[in-house]
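> Before anything else, here's the structure in question.
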Amino acid sequence: EDLSIQDHAIRGTNEDAITSKLSAVNAGYIQDEYVKYFHKRPVKRSPLINRGSYVRNKGLDTLIIKFLEIEDGRKQIISLGAGFDTRYFNLKSSLRKFYKYFEIDFPEITAKKVAIIRKNKTLSEIIGDDARIGDTEIYGSDYCLISGDLRDFIEDLIPRLESNGFDRSLSTLFLSECVMIYMDPTNSNKIVEWIGTNLNMAMFIVYEQILPNDAFGSVMLQNLKYRNIELRGIHAYPDLESQKDRYLSRGWTHAEAIDMNEIYDLYIDPKEHVRISRLEMLDELEEWRLLASHYCIAWAYKVSNESQIVLYDS
Ligand code: SAM
């Protein structure tokens, strides 16, 4: 196994993520005026994929906003493997309050993100003109882009997060959107466990693939294999139950995991169902349900005060 070839292929998945997001923006599913700056080519993905991107984004946003609205002091967000994610820009321009937003990815990816932000006036203005911008990192007053390898989370990244303002005593949200699934579970679990044992107020939100063993799941794995990409985490956490246990057995007190069908049915306003069904024809409803059952959002949290649980659960 050549790790560098696989790392290269994994970094390539950032391109897919931003391409799909832009397609869903251009087709009217998602409102995000910043995605276009990170991907110039016009792209069009199938209605199935667009709907998937929409539900993923909506589900994650709902939980992130809930985290930000709970009143337990200043908030930090740490996005693991952030790629070209634009969430910071959206949250800030919608006047959401947070203390610091950190993003981590490989230097090959953050260098590109820095270059795009540096020459884009809209993006740099949101970060603020007091930000220091290096070749692969950005240090702003509420935004910090850090380059590194998540496999060195504890030894390398934690000290650098802390020297840039990360405060263990504050309520912190960790996001992993299609990231830990590519890592060896031994490495990703070190992250889950470190947070579970070192922070008192934390939330973890993960979006990733499940159900590798049925017909759909095996095709999904095979297609990735052709591209040298392995979903290393999927066999350790193949379903909703094991996704939850992953946190509960590592210091977290509460965990939930639901698939994207449930997110669509329970977390998305029926008015939105009507709106998106009018955007494009989607004949393959069964195929949509099947696809959606192979992705989940899992979230876990730790609170310093039991009464806060109500806030997370409501
Ligand atoms: N989270 C973003 C999103 O959903 O739009 C990007 C997702 S992309 C599928 C996966 C990202 O994780 C890539 O940008 C990749 O470089 C990053 N990544 C994977 N393994 C990593 C590691 N060990 N260290 C740092 N970044 C990593």
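> Looking only at the stretch 1-27, which residues are away from the ligand (no atom under 12 Å from the Cβ), part of a helix (DSSP H, G or I) and surrounded by 16 or more Cβ atoms within 10 Å (Cβ to Cβ)?
Scanning the stretch 1-27 gives Ser23, Val25, Asn26.
> I need a count of the residues in the stretch 170-187 that are without any contact (Cβ under 8 Å) to a residue 60 or more places away in the chain and within 9 Å of the ligand (Cβ to nearest atom). If you could, list the steps in order and put the result at the bottom.
Initially, the stretch 170-187 is screened for residues without any contact (Cβ under 8 Å) to a residue 60 or more places away in the chain, giving 181, 183-187.
Those left that are additionally within 9 Å of the ligand (Cβ to nearest atom): 181, 183, 187.
Residues flagged as without any contact (Cβ under 8 Å) to a residue 60 or more places away in the chain and within 9 Å of the ligand (Cβ to nearest atom) within the stretch 170-187 amount to 3.
> Just need a number here: residues in the stretch 73-100 that are out of contact with any helix residue (DSSP H, G or I) (no Cβ under 9 Å at 6 or more places or on another chain) and closer than 20 Å to Thr122 by Cβ.
Number satisfying all stated conditions: 2.
> Show the residue pairs meeting these rules: Cβ distance below 6 Å; 6+ apart or different chains; first residue within the stretch 239-251 and at pLDDT below 95; second residue assigned to a helix (DSSP H, G or I) and of a type outside the set (A, V, I, L, M, F, W, C).
Gly251/Gly196; Gly251/Thr197
> For the stretch 104-123, check the following and say yes or no: at least one residue is within 21 Å of Leu170 (Cα to Cα) and near the ligand (Cβ under 9 Å from one of its atoms).
Of the stretch 104-123, the ones within 21 Å of Leu170 (Cα to Cα) are 104.
Filter once more, so that each one left must be near the ligand (Cβ under 9 Å from one of its atoms): 104.
There is at least one residue in the stretch 104-123 that is within 21 Å of Leu170 (Cα to Cα) and near the ligand (Cβ under 9 Å from one of its atoms).
> A further question follows. Kindly check whether there is at least one residue in the stretch 49-61 that is more than 16 Å from the ligand (Cβ to nearest atom), assigned to a helix (DSSP H, G or I) and surrounded by fewer than 21 Cβ atoms within 10 Å (Cβ to Cβ).
First, pick out the residues of the stretch 49-61 that are more than 16 Å from the ligand (Cβ to nearest atom): 51.
Cutting the leftovers down to assigned to a helix (DSSP H, G or I) gives us 51.
Subset that is surrounded by fewer than 21 Cβ atoms within 10 Å (Cβ to Cβ): none.
No, every residue in the stretch 49-61 fails to be more than 16 Å from the ligand (Cβ to nearest atom), assigned to a helix (DSSP H, G or I) and surrounded by fewer than 21 Cβ atoms within 10 Å (Cβ to Cβ).
> Filter the stretch 195-217 for residues that are surrounded by 15 or more Cβ atoms within 10 Å (Cβ to Cβ) and small (Gly, Ala, Ser); which is farthest from Phe174 (Cα to Cα)?
Out of the qualifying residues, it is Gly217.
> Which of the following residues is at pLDDT 95 or above and within 29 Å of Lys44 (Cβ to Cβ): Ala215, Ala257?
Working: Ala257 fails: within 29 Å of Lys44 (Cβ to Cβ).
None of the others qualify; the one that does is Ala215.
> Something else: Taking the stretch 279-297 as the region of interest, how many residues are part of a loop (DSSP other than H, G, I, E, B), of a type in the set (A, V, I, L, M) and either at pLDDT 95 or above or touching a Leu at 6+ places or on another chain (Cβ under 8 Å) (or both)?
As a first pass, look at the stretch 279-297 and keep what is part of a loop (DSSP other than H, G, I, E, B): 279-284, 294.
Filter again for of a type in the set (A, V, I, L, M), leaving 279, 281-282.
Then keep just the ones that are either at pLDDT 95 or above or touching a Leu at 6+ places or on another chain (Cβ under 8 Å) (or both); that gives 279, 282.
Result for the stretch 279-297: 2.
> Of the conditions (1) buried (at least 17 other Cβ atoms within 10 Å of the Cβ); (2) away from the ligand (no atom under 16 Å from the Cβ); (3) not aromatic (Phe, Trp, Tyr), Arg132 fails just one. Which one is it?
Against the list (1) buried (at least 17 other Cβ atoms within 10 Å of the Cβ); (2) away from the ligand (no atom under 16 Å from the Cβ); (3) not aromatic (Phe, Trp, Tyr), Arg132 comes up short only on (1).
The values are calculated or read from the model by the stated rules, or taken from the named source; none is laboratory data. Every value quoted in this text rests on a predicted model; they were computed, and no experiment measured them. For neighbour counting, all protein chains shown are included, and Cβ atoms are generated from backbone atoms with ideal geometry for every residue, glycine included.
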